[in-house]
Structure formats: structure tokens, C-alpha cells
Amino acid sequence: MASVWTYMKMVFGWWNHATYGTLLYTARKGVPVGTDSFGNRYYQTADGKRRWVLYNGTVEGSRVPAEWHLWMHHTVDTPPAADMTKKSWEQDFLPNLSGTEGAYHPKGSLVRGGVRAPATGDYESWSPNA
Amino acid sequence: MPRKLIIDGKEIEAEDNLTLLQACEQAGAEIPRFCYHERLSVAGNCRMCLVEWVGAPKPQASCSLQVKDIFPNKDGTPARINTDSPVVRKAREGVMEFLLINHPLDCPICDQGGECDLQDQAMGYGRAAFHRFHENKRAVEDKYMGPLIKTQMTRCIQCTRCVRFATEIAGVPDLGATGRGEDMEITTYLEKAFSSELSGNVVDLCPVGALTSKPYSYTSRPWELKHTESIDIMDAQGCNIRVDTRGRAVMRILPRLNDDINEEWLHDKGRHIWDGLGRQRLDRPYVRKNGKLVPASWSDAFAVIAARVKATTPDRMAAIVGDLAAAEEIKALKDLMTRLGVPHLDCRQDGAKIGGGPRPAYLFNTTITGVEAADALLLIGCNPRWEAPVLNARIRKAWLNGPLKIASVGAPVDLTYPAEQLGTGVDVLNALADGSHPFAEVLRNAKRPMLILGGGALARPDGAVILHHAARIARETGIIGPAGTPAEGGWIGFNVLHTAASRVAALDLGFLPAPASEESPGGRDVAGIVEGAQKGEINFIYLLGADELPLENMGRPFVVYQGSHGDTGANYADVILPGAAFTEKDGLYANFEGRVQEAQRAVFPPGEAREDWAILRALSDVLGQKLPYDTLADLRRALVADLPQYGRLGQVPVWEGADPAVWNALGTDGVFTADVPMGQAIADYYLTNPIARASKVMADCSRELLHSDENKQAAE
């Protein structure tokens with residue numbers, strides 16, 4: 001059983017979990033369509049006019065994989081097949097990693113050790129032991 | 001006699017010694033050209049400057065047509081010249097088409113791209129979408145011209161500017177052309193390096209990308225660069241330069257036009273040391289702990305110095321100014337040392353016996369332009385080709401254009417003009433002074449005789465005696481003439497040729513040993529300081545960028561080194577204070593004429609390095625002798641209050657006439673150390689200062705141009 005704190009978060013925040021309103025709406029009108037590799041569940045209304053997702057974990061738009069993104073945005077009407085295979089050259093889908101440990105840092109960034117290729121304006125400093 | 005011409009419908013009067021091209025420029029018309037150059041002889045081979053002389057059967061090459069050859073029309077009206085008529089345009093388009101037959105389409109990868117005369121003029125006179133030559137373009141093998149000049153000879157349009165520069169200005173006929181017509185090639189013959197100290201100028205002269213700078217090649221594009229006007233400090237001439245920077249790196253150095261100093265030339269050391277500005281840099285303070293230099297903070301370094309100064313008495317302290325210091329930091333150091341009561345100050349690292357007297361006694365009084373008016377020249381221990389290459393070009397110009405007779409006392413060197421060798425013995429000065437030598441007669445009969453005293457003479461132990469005899473020669477032979485400029489009838493031919501950019505400013509500021517008085521025995525000069533350090537009588541030495549000292553003989557005094565590069569001084573220092581190089585600070589430099597010029601900051605000093613005057617100001621506070629200026633402007637105001645000429649930038653002091661007492665008292669009368677031959681002030685032109693020694697390009701030049709024979713022998 002979830003603590004009171006979890007319920008409070010569901011009432012006052014939308015970023016950890018679907019809100020009560022969404023859950024209520026999903027229970028009333030939602031027709032389940034499928035689940036993606038992250039465990040996010042996708043729903044639509046009976047007439048197919050509204051489509052939405054209940055995230056498995058953090059509510060973060062970039063966690064919708066590309067194939068589901070197409071369906072969510074009404075670009076395609078058939079949801080991706082559950083047994084969809086990937087091409088050999090396709091990489092696994094990655095949500096936006098900004099702000100996490102896996103965030104991208106360019107070459108030469110101090111986070112990556114600060115080692116970069118020589119560039120204009122570099123100088124060689126004198127060292128007494130050389 | 002001026003002649004009337006109607007140029008583009010505008011009637012002007014042109015002097016008849018001008019060429020038509022110059023007359024057109026006076027009329028405000030711009031004439032495209034490749035081979036014509038103001039400072040070189042007229043070749044007339046590119047044909048780009050064609051203009052229409054109404055009535056003449058063909059277009060005329062304006063660079064080689066003289067105004068005096070243009071006759072008026074039959075009805076007496078002035079000749080009509082058109083510089084932008086359909087005839088002219090068609091003729092120039094034709095010339096351009098011919099030039100482009102064999103010029104490769106290299107522009108996107110060519111270093112000249114963006115500052116190329118051919119590119120620019122092809123925009124005006126190229127025939128777009130029109131090409132009737134389907135054969136292959138001519139290909140020319142690249143030539144070797146030494147470590148500074150990169151060649152792409154397929155791009156050459158045979159303007160021969162480089163050949164004329166080498167022969168006429170540099171005086172080193174290493175370049176020439178072989179073949180005719182399409183087969184003509186510019187070459188150094190036998191794959192020999194272009195062995196001139198002015199070789200870099202052919203890169204500027206080349207109107208296309210055939211000759212480009214080797215060290216600069218493919219590093220940047222002209223439109224990426226920020227230009228900062230500055231002063232060259234590799235020698236004491238103060239050539240005007242432009243420092244081109246991208247971001248915080250100096251990418252190249254180019255000359256600026258200044259007819260009074262360097263015309264538009266720059267010597268190779270000034271042009272190519274920029275890679276030394278990024279090597280061996282001192283970028284943090286160091287303090288010696290247990291015999292090893294370790295990085296320290298500024299406050300720690302200052303504290304160590306303060307403790308040491310406290311433990312020492314002023315008469316056991318000394319300060320030496322190096323060759324590249326600006327006037328501001330020399331003044332700051334002098335003020336600080338005066339406040340501390342230190343008597344042992346010197347700026348003459350080479351030991352030159354000069355200074356302390358009136359200003360004309362240590363200046364190049366004739367001025368650089370004045371050299372062209374001279375008709376006899378005596379060089380004493382002076383090799384201007386190495387000590388001031390651009391001045392040497394001026395002497396050569398004077399020799400070419402006038403009846404200049406030149407004689408040299410000192411090592412026989414190729415000065416690019418003939419000089420009568422009077423031997424390396426010093427005794428000849430006696431004969432010159434008493435008039436028994438034949439060249440004394442030449443000097444006496446000359447209208448405007450001059451002599452140049454070089455470091456080779458003054459830096460000898462008997463330098464003061466030589467100075468005395470030089471002044472005697474000057475008095476006896478009319479070298480010291482009436483007051484005023486040469487144009488006004490005045491003349492002063494007594495010149496001292498310094499090699500250090502800081503020297504004149506330091507002498508002006510009196511950075512010299514304190515004179516002896518009743519209370520004190522006076523200060524020591526550089527030799528005295530070194531000797532004192534050996535004996536342990538001096539145990540604190542402050543070096544402001546002084547790297548040319550025999551520090552290894554000094555025993556172990558406490559050495560503070562303030563400077564930009566890790567060279568001799570830094571290796572022996574106990575405290576290193578990182579300073580700024582000349583491109584990294586605003587500084588005033590007085591050249592050997594006494595002309596004060598400002599070098600502006602192009603980039604910031606690296607790391608924790610600071611501007612030198614600010615370091616001294618901060619240190620003065622820690623030492624409890626706070627200097628009374630907080631900004632550079634305050635410091636300059638104080639400097640100008642002491643020395644008004646430092647407020648008149650770019651002006652040369654006017655000769656005010658001789659005070660006989662001063663000139664009689666110059667130097668000391670004594671005996672020469674006659675058995676020592678007159679040496680040279682500079683042992684290796686390319687490696688004279690810490691920046692040059694840090695530069696790879698200069699090391700390559702020294703190896704390939706000065707020591708190539710030794711290398712070959714070693715290889716065999």
C-alpha cells in the first residue's frame with residue numbers, strides 16, 4: 001500500500017505519476033491499445049479521436065519511443081505491432097538524458113576528463129623540470 | 001615642369017617626373033596593377049594598368065609611360081587620358097583573360113584567398129562564364145626558397161616583383177627568372193634558400209598566392225583575423241607592425257606603412273617570431289623550495305620576495321632590465337628600486353659603455369630618413385644587416401640613389417652594398433680622428449657625413465674609449481653640424497645603433513648605476529653585479545626579462561625573474577613572476593632614434609601572467625613602498641611628467657645643436673685594448689631574445705640559413 005505521501009504527490013504533482021483526473025478519465029473512456037518496451041501503456045477513446053499514455057515511471061515526453069510517437073501524434077492509425085522487429089542498424093531508443101548521469105558532454109568537457117584536441121590559442125607553458 | 005593632363009575629364013597638373021599611373025592616382029583614378037610597385041623599379045610586364053590616351057593607336061601601359069612623354073593634342077589642348085572607357089575595359093579584360101589562362105582555380109584552398117590582387121581584380125575585369133581555352137593549364141614545379149617562403153609556382157603570374165625586391169631592396173640577388181613566355185619561371189637557382197633578413201616581404205609583395213608564408217600556411221583566413229597596431233621589438237628600430245589574432249592566438253605579424261621608419265618592410269625576425277609567443281610561456285608564479293621550483297600563488301611569491309628584501313640591505317640588491325621591456329615597467333621598476341634605495345641598476349646586459357650623458361649621445365640622431373641625405377658613412381663595430389635589417393635596406397637605398405661612400409671598422413660582413421673594410425683593429429679610430437687615415441678625408445669632404453656606432457664597438461671593455469674616439473672623429477670631420485633637420489640645413493651624423501628595443505627608454509629613464517658620491521661608492525653595472533654576486537656582495541637580483549646574462553657564473557644570489565618566457569633567467573630564478581609579452585600589453589617603446597611609439601595589446605597574457613607594470617605596482621605594496629599610480633594612465637602621466645617626449649608619440653627629436661662641452665666629455669680618453677679585434681653585437685640574428693629562442697621557426701631559420709654549411713659537414 002502506497003503511503004500518504006504518494007497520494008499527495010498524485011494530487012498535487014503530475015510528473016511522477018498520472019494524476020487522478022487522468023486515471024479517472026482512463027477508467028471511464030480509455031480503450032487500451034498497447035504497451036511499449038518501457039512499459040508505458042497507451043490508450044485511446046472509443047472513436048479513436050483522443051490518444052494518451054500512462055507512463056511507467058516518470059512522466060517525460062521523450063520516453064515515448066519513435067514508433068509510438070507516430071501513433072500518438074495521429075501520423076499513423078495502426079499502433080506498432082507487438083512483435084515489431086528492428087533493423088540491424090537501428091539503435092535502441094533513448095529518452096532525453098539531459099540532467100542525468102548519462103547526459104551528453106562534448107569532447108574536452110571537464111566531466112569527460114578535459115582532454116581535447118589542440119586548438120587555436122593554446123600555448124605551451126614552461127615547466128621548470130622539463 | 002608640371003604638365004596639364006585631362007584624366008577622365010578632369011584637368012590636372014602633374015609633375016613631369018611622375019609616371020602616368022601616378023598622375024592618374026593624383027586625379028583620383030584607381031589603376032589596377034600587378035607588376036608595378038611604388039618602391040620597386042618599373043617592369044611594365046603585366047599590362048594590367050592599360051589606359052587610353054585619346055588619339056594614340058593602342059592602349060598605353062600607364063606604369064611605364066612618363067608624364068613628360070605625353071604630348072598635348074595638335075590644337076594645343078592637354079592630352080586626354082581615359083582610365084575607365086570601353087577601350088580600357090576591353091583591354092584590361094583581355095589582359096586578365098591571358099593571366100587566367102594558366103592561373104589555377106586554387107582560390108578556395110589558397111592562402112592568399114581573400115587578400116589576393118588577382119582575385120580582387122578578376123572581380124572587376126574577369127569575363128564571367130566565358131572561357132575559350134580548353135588546353136591543360138601550365139604546371140610549374142614548386143621551388144625551395146628557405147624555411148619562411150612557401151611556393152606554389154603554378155600560381156605565379158611572372159610579375160617579377162619578388163625578383164626586383166631581392167635585387168633592389170634586399171640586395172641579395174638570389175631570385176631570378178629562367179625561360180621565356182609561358183615557360184618563364186621564378187626560381188632561386190640551385191634550390192638555394194633566399195638568404196636575406198628581409199625575405200618575408202616577398203610574400204607581401206606577391207600579388208597572387210605563388211609565394212606565401214610557410215609558418216602561417218593553412219592556419220587561418222584573412223577575414224577571421226582581428227588586427228591590432230603594434231610595434232616590433234625584435235630590434236631597436238621600432239618597425240610598425242600589425243598583429244593579426246584569432247581568438248587568443250597571434251596568427252601572424254605584418255608590417256604597417258610608416259615612411260619614417262620601415263617604409264613597408266619588416267625583417268624576418270619581427271615577422272615570424274609569433275610562434276614563440278605560444279611556447280615556453282611562464283603562466284604562473286613559481287617559488288624555489290628545497291632547490292626546486294614549485295608553482296605558487298601571487299601572494300606567496302610576493303611574500304617570499306618581501307621576506308628576502310627585508311633580510312637584505314639595499315646596497316646588496318641589484319636590478320637589471322632586459323631587452324624587451326616597455327618604458328612603463330622600466331619606470332615602475334626604477335621607482336620601486338629608488339624607493340628601496342638600491343644603487344645597482346643597469347639596463348645594458350651586453351655591457352655597452354653608453355648612457356648617462358645627454359640624449360643625443362646615445363641616439364640614432366641622423367634619423368632613419370636622414371640616412372638618405374648622407375654622403376659618407378663610417379660603421380664602427382656595427383653590422384646593420386643583422387642589428388637592424390630594415391635600416392640596412394635604407395642605407396642600401398641611400399647608396400643606390402646617391403653618392404654614399406661607406407667604410408666599416410669591424411668584422412668583414414656582406415652588408416648588401418660595398419663597404420671599404422678598414423680592418424678589425426681598433427687603432428684605426430685614432431688614425432681616423434687625427435685625420436691621417438684616407439677615409440677621414442672622405443668624411444671631411446662630405447657634405448653630410450655620418451657614423452654609426454654598433455654594439456660590437458660599445459660592448460667591449462674599452463667601449464668608453466671607442467665612444468670617446470668616435471665623438472672625436474665626429475667633432476673633427478663635421479659629423480656634428482648645425483641644429484635643425486636636414487631639410488632646414490641642420491645635420492647630425494653621430495649615431496648609436498642599439499639592438500635592444502628597451503634600451504633607449506631605459507637610458508632615458510636613467511636605469512643606470514647610481515653615480516658615485518661622497519656618501520656612497522656608486523652603483524655597479526652589469527659586470528659589477530655579476531662579479532659582486534660571485535663574491536657574495538650582491539645577494540638579491542631583480543631581473544626584468546633579462547636573459548642574456550652569464551647567470552651560471554653568479555654563485556647563488558637570490559634571483560627574482562619577471563618575464564614572459566622561460567629562458568636562462570627563469571632557470572636560475574628563485575622566484576618567477578609571469579609577465580606579459582609585447583603583444584599582450586599596452587606599452588611605450590622608444591626606438592633608437594628616440595621616437596616613442598605605442599604597442600597595443602592584441603591578446604591577453606596566458607594563465608596567471610599579468611602586465612608587467614601591474615606586477616611591480618602590486619609588489620611595491622607588499623614591500624611597503626607603494627608606487628603612486630594605480631592605472632596605466634596614471635603611470636603614463638607620471639612618465640610624461642618626467643620625460644615630456646614620451647607624450648609626443650611617433651615624433652623624432654629634432655637636433656638642437658652641439659654643446660661642445662658635452663661632446664668633448666663623451667666616453668673616456670684612454671688606451672684601446674688593441675689586441676682584441678672588433679667583434680659583432682649579435683652572434684645569431686635569428687636567436688637574439690627569449691621570444692625568438694622559443695620560436696621553432698627562428699630555430700629552423702638559424703639552422704638552415706646560418707648554419708647550413710656546418711650541418712652539411714656534420715652529415716658527411
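For the reader, a short list of remarks on this structure follows.
- Karplus-derived 3J(HN,Hα) values for segment A:88-95, using 6.51 cos²θ - 1.76 cosθ + 1.60 with θ = phi - 60°, are 4, 8, 7, 8, 5, 6, 10, x Hz; glycine and proline are entered as x.
- By average C-beta atoms within 10 angstrom, highest first, the peptides B:20-29, B:368-377, B:552-561, A:7-16: B:368-377, B:20-29, B:552-561, A:7-16
- Average partner coverage of A:70-79, which counts Cβ from other chains inside 10 Å: 0
- Loop-located trypsin sites (Lys or Arg not before Pro) across segment B:400-467 with a Cβ neighbour count of 15 or fewer within 10 Å are B:447, with loop assigned by DSSP.
- Computed with the Debye formula from one identical point scatterer per Cα of segment B:166-324, without solvent, the log10 of I(q)/I(0) at q = 0.15, 0.21 Å⁻¹ comes to -0.95, -1.39.
- Virtual paramagnetic centre 7 Å along Cα→Cβ of residue A:97, amide N under 19 Å, in segment A:53-77: A:58, A:60-66
- Full extension of the chain between residue B:77 and residue B:420 yields a length gain of 118.1 nm, computed as 0.36 nm times the residue separation minus the alpha carbon distance.
- Per residue of A:113-125, other chain Cβ atoms within 10 Å of the residue Cβ number 4 on average.
- Cα gyration tensor category, rounded, prolate or oblate, for segment B:542-694 with a/c compared to 1.5: oblate
- Centre-to-centre, using Cα atoms only, segment A:72-130 and segment B:44-123 are separated by 58 Å.
- Degrees between helix B:86-101 axis and first principal axis of chain B (Cα, 0 to 90, nearest 10): 70
- Loop-located chymotrypsin sites (Phe, Trp or Tyr not before Pro) in segment A:88-130 whose Cβ has at most 10 other Cβ within 10 Å (DSSP): A:89, A:104
- Helix-only arithmetic for the protein assembly as shown: the sum of -39500 (n - 2.57) across DSSP H runs with n ≥ 4, divided by the residue total, places the mean residue ellipticity at 222 nm at -7000 deg cm²/dmol.
- Pairs exceeding a 25 Å alpha-carbon distance, out of B:289/B:334; B:192/B:214; B:4/B:447; B:331/B:585: B:289/B:334; B:4/B:447.
- Cβ crowding within 10 Å averaged over residues, with B:494-503, B:87-96, B:216-225 ranked highest first: B:494-503, B:87-96, B:216-225
- Around residue B:392: net Lys/Arg minus Asp/Glu count, Cβ-Cβ under 9 Å: +1
- Between the C-alpha center of segment B:402-451 and that of segment B:364-387 there is a gap of 12 Å.
- Taking GluC sites (Glu not before Pro) across segment B:162-218, the ones in a DSSP loop with at most 13 further Cβ atoms lying within 10 angstrom of their Cβ are B:191.
- Estimated inter-spin distance, residue A:60 and residue B:139, nm [label 7 Å along Cα→Cβ]: 5.8
- Tensor-based shape of segment A:4-72 (alpha-carbon gyration tensor, a/c under 1.5 rounded, otherwise prolate or oblate): oblate
- Antiparallel DSSP beta bridges within the protein assembly as shown, as percent of all bridges there, nearest 5: 60
- Least to most buried among B:672, B:98 (fewest other Cβ within 10 Å first): B:98, B:672
- In terms of the mean number of neighbouring beta-carbon atoms within 10 Å, the peptides B:131-139, B:299-307 order highest first as B:299-307, B:131-139.
- Whole-Hz ³J(HN,Hα) from phi, Karplus 6.51 cos²θ - 1.76 cosθ + 1.60, for segment B:3-18, glycine and proline x: 10, 7, 9, 10, 10, 6, x, 9, 7, 10, 10, 10, 5, 7, 8, 8
- Partner chain coverage, peptide B:438-444 - average Cβ within 10 angstrom: 0
- Taking θ as phi - 60° and the Karplus parameters 6.51, -1.76 and 1.60, the scalar couplings of segment A:44-51 work out to 9, 6, 4, 7, x, 7, 10, 10 Hz in sequence order, x denoting glycine and proline.
- Amide H contacts under 5 Å for residue B:251, placed H, 5+ residues apart: B:244, B:245, B:246
- A prolate overall shape is assigned to chain B, the ratio a/c of its alpha-carbon gyration tensor axes (a ≥ b ≥ c) being 1.5 or greater and a/b exceeding b/c.
- Considering the protein assembly as shown at the alpha-carbon level, its Rg and Dmax are found to be 35.9, 125 Å.
Read-outs throughout are calculated quantities, based only on the coordinates presented, and are distinct from any laboratory measurement. Just so it is clear, the model here is predicted, and its values are computed rather than measured. Virtual Cβ from ideal backbone geometry, glycine too; neighbours counted across all protein chains shown.
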